Amino acid sequence: MLKLFGSEVSGSQEPSINVAVYAVANSAWGESTITDANAPAIGALPLGNILVSGTTPQSYTIDLTSYLKQQQALGKSIVSIALVGSVYTNGTVAFNSREDTTNVPQLLINGG
């Protein structure tokens, strides 16, 4: 399970925003060097999605179990995903990052 903590940004003109999670086939990118121009392509179909509603931050989870098992069976130990708004909106969503002191993103794995 991918666990994210976030909300719509204050001033968003939408009551809710749908955010989809996509596979990224190429994980050979750098956090400090990635740009729109060199970002790897995302998959054609979403792995899952969440509906972000309101400006009060809360937890959101997306089940990536099937995708991660598939990637592991292919011998991959590193995977990349992309979070993308599924339709154009006038709103903005913000999620906590690993730099935050609380409610950081987590990938929860059950060894079963």
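Nothing in this text is a laboratory measurement; each read-out follows from the coordinates by a stated rule. Since this is a predicted model, take the numbers as computed values, not measurements.
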Checklist outcome for this item: Taking only the Cα positions of segment 2-103, the convex hull volume per residue in Å³ is 125
Checklist entry - Which whole-Hz couplings ³J(HN,Hα) result when phi for each residue of segment 38-53 is put into the Karplus expression 6.51 cos²θ - 1.76 cosθ + 1.60, θ = phi - 60°, listed in order with x for Gly and Pro? => result 10, 5, x, 5, 9, x, 6, 10, x, 7, x, 8, 10, 10, 8, 10
